[in-house]
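Okay, structure first, notes after.
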Amino acid sequence: MNSAVLLMAHGTPSSLAEMPEYLRLVRGGRPPSPELIEEMRENYAAIGGRSPLTDLTMAQADALRARLGAGTAVAVGMRNWRPFIKDAIEDLVRDGATRIVGVPMAPQFSTLSVQKYVDAARAALPAGVEFDAVTSYHAHPRLLDAFAERVRAAAVRDDETVVFTAHSLPVRVIEGGDVYANEVAATARGVADLAGIDRFETAYQSAGRTPEPWIGPELGELITARAAAGARRFVIVPIGFVCDHTEILFDVDVQAARAAREAGATLRRTESLNTSPTFIGALEAIVRARL
């Protein structure tokens with residue numbers, strides 16, 4: 001079989017003008033309100049007008065391709081924007097792939113993220129093409145090493161509170177048996193052990209704009225509460241994300257930092273993995289085990 005690799009992520013619009021259509025796709029076809037469109041445009045404007053998610057995922061694909069060699073094609077597919085997962089699969093198959101290893105650019109499994117990437121890929125597969133989905137690598141030793149490197153590089157001080165973060169999910173999903181929260185906890189513990197962090201917090205961020213409850217503690221609320229109890233310095237370690245994008249550059253660097261300032265505290269975060277050689281090595285090991 002001629003095997004290829006597909007890196008799958010959420011997707012992001014290329015410009016503010018594309019925001020309405022992007023939000024419609026994210027919402028499963030439901031049109032977004034003018035208020036939501038304006039809010040998201042303001043958020044993106046605060047980080048320069050666009051998210052680097054697509055560019056960074058492409059760079060990760062380039063770095064992985066260099067390690068795997070010219071004989072293994074590596075493509076990028078997004079669930080909610082171009083390049084769409086179905087288009088990436090079409091390209092790989094046209095170039096001769098008969099088996100595709102799908103890698104979600106989210107380490108922890110969730111039915112609301114990773115499973116939807118896998119479902120989109122399987123729905124786009126032509127007859128005769130095999131799809132081998134990587135559904136979780138939350139405790140892969142090289143992934144933990146990559147995050148721990150970022151923590152060690154931050155030189156955390158004794159008076160700083162380390163907070164590991166991941167994207168929130170609706171409470172009903174976790175109560176329904178989704179393993180996501182358990183996997184986030186395992187990633188946090190593994191990174192802390194490798195980085196020599198004895199005390200840490202785990203929080204969730206970037207909850208959706210729906211009235212139902214989402215899992216917590218929410219990052220901003222945790223910062224406010226810990227600051228009220230005397231904490232003055234926070235180091236955020238986003239372990240649910242593998243590159244810079246809106247959830248990092250706005251939700252942490254802008255929103256969470258504002259919450260810290262308003263509580264009389266300071267906040268900084270570890271560098272995102274992006275094209276960290278250790279992280280790309282993790283992707284290589286994960287893929288080679290399936291080739």
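The values are calculated or read from the model by the stated rules, or taken from the named source; none is laboratory data. Quantities reported herein were computed from a predicted structural model and do not represent experimental measurements. Please note: Cβ atoms are built from the backbone with ideal geometry, for glycine as well, and neighbour counts cover all protein chains shown. For accessibility, only protein heavy atoms count, side chains too; no ligands or nucleic acids. Shrake-Rupley method; radii C 1.70, N 1.55, O 1.52, S 1.80 Å.
Can you tell me, using C-alpha contacts under 8 Å and at least 6 residues apart, the relative contact order of the chain as a whole percent?
Relative contact order of the chain: 22 percent.
Express the accessible area of the stretch 81-132 per residue in Å², computed with a 1.4 Å probe while the remaining protein chains stay in the model.
42 Å²
Compute the length gained on full extension between ALA127 and GLU39: take 0.36 nm times their separation in residues and subtract their Cα-Cα distance, giving the result in nm to one decimal.
Contour length minus Cα-Cα distance gives 27.5 nm.
Please identify the chymotrypsin sites (Phe, Trp or Tyr not before Pro) of the stretch 139-226 that satisfy two criteria: DSSP loop assignment and at most 11 other Cβ atoms within 10 Å. Which are they?
none
Suppose a student asked you for the relative contact order of the stretch 37-162, using Cα pairs under 8 Å spaced at least 6 residues apart; what percent would you report?
Computed over the stretch 37-162, the figure is 18 percent.
Determine ³J(HN,Hα), in whole Hz, for all residues of the stretch 59-72 in sequence, where each value follows from phi through the Karplus function 6.51 cos²θ - 1.76 cosθ + 1.60 and θ = phi - 60°; x replaces Gly and Pro.
Computed from phi, the couplings for the stretch 59-72 are 5, 5, 5, 4, 5, 5, 4, 5, 7, 6, x, 5, x, 10 Hz.
So how far apart, in nm, are the two label points at ARG94 and ARG65 if each is 7 Å from Cα heading toward Cβ?
Placing both labels 7 Å along Cα→Cβ, they lie 1.5 nm apart.
At 0.36 nm per residue, and after removing the present C-alpha to C-alpha distance, how many nm does the segment from ALA186 to ARG82 gain when stretched out fully?
Additional length available on full extension: 34.2 nm.
When the accessible area of the stretch 149-291 is split by element with a 1.4 Å probe, what percent falls to carbon and sulfur?
Carbon-and-sulfur percentage of accessible area, whole number: 48.
What 222 nm value per residue comes from the helices of the chain, counting each DSSP H run with n ≥ 4 as -39,500 (n - 2.57) and dividing by all residues, nearest 500 deg cm²/dmol?
About -12500 deg cm²/dmol.
Tell me whether the stretch 145-291 comes out rounded, prolate or oblate; compute the Cα gyration tensor, take square roots of the eigenvalues as a ≥ b ≥ c, and use a/c under 1.5 as the rounded threshold.
Oblate is the answer for the stretch 145-291, as a/c is 1.5 or above yet b/c matches or exceeds a/b.
If you plug each phi of the stretch 190-202 into the Karplus form 6.51 cos²θ - 1.76 cosθ + 1.60 with θ = phi - 60°, what whole-Hz ³J(HN,Hα) values come out, in order, with x for Gly and Pro?
x, 5, 4, 4, 5, 8, x, 9, 7, 10, 7, 10, 10
Based on the mean of other Cβ atoms within 10 Å per residue, sort peptides 222-233, 135-146 so the most packed one is first.
Averaged packing, sorted descending, gives the order 135-146, 222-233.
Using a 1.4 Å probe on the protein chains only, how many percent of the accessible area of the stretch 1-61 belongs to carbon and sulfur?
The nonpolar share, carbon plus sulfur, comes to 56 percent.
Could you pull out every residue, at least 5 positions away or on a different chain, whose amide H is within less than 5 Å of the one on LEU267? Hs are placed 1.01 Å off N in the peptide plane, and Pro or chain starts have none.
Distant-sequence amide H within range of LEU267: PHE234.
Place the peptides 182-189, 205-212 in order of packing, highest mean first, counting for every residue the other Cβ atoms within 10 Å and averaging per peptide.
In decreasing order of mean packing, 182-189, 205-212 become 182-189, 205-212.
Please compute the per residue accessible area over the stretch 188-291 with all protein chains in place, 1.4 Å probe, rounded to a whole number of Å².
44 Å²
Taking the Cβ-Cβ separation of ARG152 and ARG209 as r and a Förster radius of 35 Å, what is the calculated FRET efficiency to the nearest 0.05?
About 0.45, to the nearest 0.05.
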